[in-house]
1. What angle, in degrees between 0 and 90 and rounded to the nearest 10, separates the Cα long axis of helix 414-427 from the longest principal axis of the Cα atoms of the chain?
2. I need the phi-derived Karplus couplings for region 95-101: 6.51 cos²θ - 1.76 cosθ + 1.60, θ = phi - 60°, integer Hz, Gly and Pro marked x.
3. Quick one: helix 391-400 against the long Cα principal axis of the chain, what's the angle to the nearest 10°, folded into 0 to 90?
4. Given bins 10 angstrom wide, list per bin the percent of all Cα-Cα distances in region 5-132, short to long.
5. Find the centroid of the Cα atoms in region 97-123 and in region 383-459, then give the distance between the two in whole Å.
6. Ordered by packing density, taken as the mean number of other Cβ atoms within 10 Å over each peptide's residues, highest first, how do 38-50, 440-452 rank?
7. What's the exposure ranking of MET361, MET186, MET175, going from fewest to most Cβ atoms within 10 Å?
8. How many nm is it between the label spots at ARG202 and ASP128, if each spot is 7 Å from the Cα in line with the beta carbon?
Amino acid sequence: MTTNTRIERDSMGEMEVPSLAMYGASTARAVANFPVSSLRFPRVFLKALGHIKYAAAQVNTQLGKLDPARETLILQASQEVIEGKWDEHFVLDIFQTGSGTSTNMNANEVIAHRCAQLSDNISIHPNDHINMGQSSNDVIPTAIHLAAADMLVHQLLPALKHLHQQLNDKAQEHMDMVKIGRTHLMDATPITLGQEISSWARQIELGMERLTACLPRLCELAQGGTAVGTGLNTHPEFGSRMADTLSAAYGISFTEAQNHFEAQAAQDAAVELSGALKTLAVSLVKIANDVRILNMGPRCGLGEISVPAVQPGSSIMPGKVNPVIAESMAQVCAQVMGNDATIAFGGASGLLDLNVMLPIMAHNLLESETILSSACMMFSDKCIAGLQGNAETCEKQIAWSMSMVTSLAPVIGYDKASQLAKQAVQEGKTVRQLCLELKLMDEEQLNTLLDPTSMLHPA
């Protein structure tokens, strides 16, 4: 007869653990303590934990702290964590101990258990060997920085570069398509569709600059500070060697924290990055909403652009198609803004020598990077790539706009131009028609003044 559980022991005593679980008593205790949600640490964070344990085994062996036989086993087991082989055994809720100690021990126990499977004659302890020279208090902040930098460099920035290129291409394609400008959502002087789109491209470019500017602080690693930043129980070179080893693993230039006390007591780099992500989200909402407004119609709205039809828009109105990609983007941005509020609160809640909001800050920061990366690719490929300006509609609206009178003001004066605009609206006529009827100037001069292309640049 088989049993579904086994007995494991930690410093607090015995715990029942599922018989097939790769973790031990400490993780099982935390599972029982924190039955809060279905939220778990994401793959990129577990990958970072694997890299930390892998690098620590290498560095401890180099420093003469760990024997080569144990190093070999730990390296193989840690590599399997890096690759995601044991993700199902990282079972802990995000809403747990604020230091993330439970998840650090989860990693230590999974790796130790795997080492035991690989060799039955070499004992490897989760604390003494896997966690050698480390504390949860420097491991989890380091994992946050590794995972966030990994996402930023290898996913989000490439996605933004792709979107930026698409927007630049569309701006150039429509640089000569003149349309009416709008301020306060009211008719204004002419602009080209390309000029309007170029503002979106610049927003994305500036967003990339803000994110890239966060990297120097994000790439400082807390590893080596152990419990409170003093480096107790680790080698003086451990932190710098860990940074070098992790730099090689990620292809990103990481450095040991200049001040380990700051690196563990605060999470300002995560707050800074989240702020830049929120700013990017603000930009993307503006762009998505502009697309929705310009696409409005197709017959009873502005209709100055058309975006690809990707799915039916209504379960009751046949033929209706909605700008759903832009709507999805806006929802992603709303989530990022909400995540930033949580991250800011978490950063402000650091107490003395440790921030104890690490798990929720890690979850929200990495979620923001993940969904923004995916949404930018989606928005670029399924919306912007197929965006087309509607030249005929734009031309009609320019002719109909009362704001065309602006170019007459230097000639006939502001007050008279204002009266002319009001009269045009009241009588349902274009500015051109009214000027010709009132014989305010000859047709040649009027054509010159009302040429929309002459209004696109300083003159």
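1. 90
2. Rounded to whole hertz, the list is 7, 9, 3, x, 7, x, 4.
3. 50
4. 13, 46, 34, 7, 0
5. Here the two parts' Cα centres lie 74 Å apart.
6. The packing order, highest mean first, is 38-50, 440-452.
7. MET186, MET175, MET361
8. For the pair ARG202/ASP128, the computed spacing is 6.5 nm.
Quick note: the coordinates plus some simple rules give every number you see, no bench work behind them. Keep in mind that this is a model prediction, so the values were computed, not measured. Ideal geometry is used to build each Cβ from the backbone, glycine not excepted, and the neighbour counts take in all protein chains shown.
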